[in-house]
1. Kindly indicate the residue of region 72-87 that is over 21 Å from Gly292 (Cα atoms) and assigned to a helix (DSSP H, G or I) and also least open to solvent (accessible area, probe 1.4 Å) among those meeting that condition.
2. Run Asn116 past the list (1) more than 13 Å from the ligand (Cβ to nearest atom); (2) under 22 Å from the mean Cα position of the chain (by Cα); (3) surrounded by fewer than 18 Cβ atoms within 10 Å (Cβ to Cβ) and report the number of the one that doesn't hold.
3. Taking region 355-378, which residues are crowded, with 18+ Cβ neighbours inside 10 Å, farther than 20 Å from Ser271 by Cα and at pLDDT below 95?
4. Quick one: how many residues across region 5-18 are open to solvent by 20 Å² or more (accessible area, probe 1.4 Å) and either within 20 Å of the chain's Cα centre (by Cα) or farther than 28 Å from Ala361 by Cα (or both)?
5. Within region 216-248, work out how many residues are within 30 Å of Ala192 (Cα to Cα) and more than 13 Å from the ligand (Cβ to nearest atom).
6. Select from region 24-49 the residues that are open to solvent by 50 Å² or more (accessible area, probe 1.4 Å) and out of contact with any strand residue (DSSP E or B) (no Cβ under 6 Å at 6 or more places or on another chain) and list them in ascending order.
7. Yes or no: region 147-154 includes at least one residue that is open to solvent by 70 Å² or more (accessible area, probe 1.4 Å), more than 14 Å from the ligand (Cβ to nearest atom) and among the β-branched types (Val, Ile, Thr).
8. Consider Ala21 carefully, then state whether it is in a helix (DSSP H, G or I), more than 21 Å from Ala280 (Cα to Cα) and open to solvent by 10 Å² or more (accessible area, probe 1.4 Å).
Amino acid sequence: MNWELKLHLAAHPVAYPLVRAVGRIAPVVRVPRVGVVVSDAALAKEVLNDPAHFTKTGPGSPADLWTPVVGPTVLLNMEGAAHGELRRKLSGLFTPRSVSELCGAVLDAPLEELRNALRSGRPVDLVAVVRRLVGAVICGLVGLEASEAVAAHLAGTAITSEIRLGRRSLTPAQVLRCRQSLGVLTRPAARAWADGDPATVPGRMRQLGLTEEEALGAVAAFVLTGTETLVSYVPRLVALLHDFGWLDRLAADRSRVDDAVAEALRVTVPSPVMLRSVAADTRIGRVRVRAGDRVVIATISAATALGSFDPERPHPQEIRQLWFGAGPHFCLGMPLAQAEIHAVLGAVLDATPLSVVDRSAAQRVLIPSYSKLVVRSG
Ligand code: HEM
């Protein structure tokens, strides 16, 4: 059974077949009510690297969706000098040292528990485990108690589950619901910013020169981008390795882990679509686009065109890292994401041989995911 296809159809029963069918027609196609759909990797990178013509702030762009909920300074709804400056201020949180200290402090103990649970032969639901682990990392990153990990993940999914491909903005009722979900996280962060204690991350953000609005925006951005992507990806990575017979191979030869992780990112594409708004008339490939048009970059079509999961397949330049974006909005949290992925995968590989004994697909979620993936060692 093709579980990846099952996950996509469970999440987006109408939009997924539509986007894939459009990708088979031509690399760039104008689709009424959806936008200009780009399904080719090289053209996708051209769009992402051209902020003069394609922005995240115009009509139909992510800003239309996010700004009413999270405010104007969340990176993913900013452009230009202010965007570059905020990224610069936050980059210190994602240096190799910061990332490894954070992951060590937050993940070492629960990963040891995971190893022990697996080695004892108990069935373990990896979705529930990853949800707790990545929630705890985000809480550590933004200075919340690890006990808020589940709340962090719930806040993220409460917001992203309101988003569908055909939706250009949220209704007032949706905005209210999303703001209430986010408040669970931003209220303690606002207190930490006001206290200014550099031992907390909001306090450190204040020392780095972030205003309260910027610090709370960063908290919101990290919760939105840094939880659901990994809760989707890590179980899918393990499932792919299991289904294609790679778990034992990797356990025996860890030098191939990086290739397997990159290939699973290419096949799963945890951020399946990116949105832009056309700022000035131009062309994408042979298609003319006008200011105000909405551009839907179908990363899922661009990346998966190469074929099914095969960690021995080299990635051509135009596809490399496309699942983390390109250009000025390239995923700021990639070093943290990679560290979390490698940490969890390492614990899973330590417990091989391992079988998937039960799984199910999450229905109508933004990012295709397993709702459970139960594995057992032995
Ligand atoms: C497998 C996991 C992840 C994937 C596939 C992923 C993918 C992406 C992609 C594709 C973008 C660019 C979107 C666009 O240009 O429209 C992005 C942006 C971003 N990501 Fe990630 N991400 C992941 C994990 C994380 C984590 C763990 C964090 C850290 C908390 C994070 C923080 C961010 C931020 C802050 C941005 C916005 C950057 C900006 O607009 O300047 N991401 N991510």
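1. That would be Leu86.
2. If we test Asn116 against (1) more than 13 Å from the ligand (Cβ to nearest atom); (2) under 22 Å from the mean Cα position of the chain (by Cα); (3) surrounded by fewer than 18 Cβ atoms within 10 Å (Cβ to Cβ), just (2) comes out false.
3. Ser377
4. Looking only at that region, the number is 6.
5. Number satisfying all stated conditions: 1.
6. Result: Arg24, Ile25, Pro27, Pro32, Arg33, Asp40, Glu46, Asn49.
7. Within region 147-154 (the criterion being open to solvent by 70 Å² or more (accessible area, probe 1.4 Å), more than 14 Å from the ligand (Cβ to nearest atom) and among the β-branched types (Val, Ile, Thr)), the answer is yes, since at least one residue qualifies.
8. It is true that Ala21 is in a helix (DSSP H, G or I), more than 21 Å from Ala280 (Cα to Cα) and open to solvent by 10 Å² or more (accessible area, probe 1.4 Å).
The values are calculated or read from the model by the stated rules, or taken from the named source; none is laboratory data. Computed from a prediction, not measured in an experiment: that's the story for all the values here. All Cβ positions, glycine included, derive from the backbone under ideal geometry; neighbour counts span all protein chains shown. Protein only, heavy atoms only, side chains kept; ligands, DNA and RNA dropped before computing areas. Shrake-Rupley method; radii C 1.70, N 1.55, O 1.52, S 1.80 Å.
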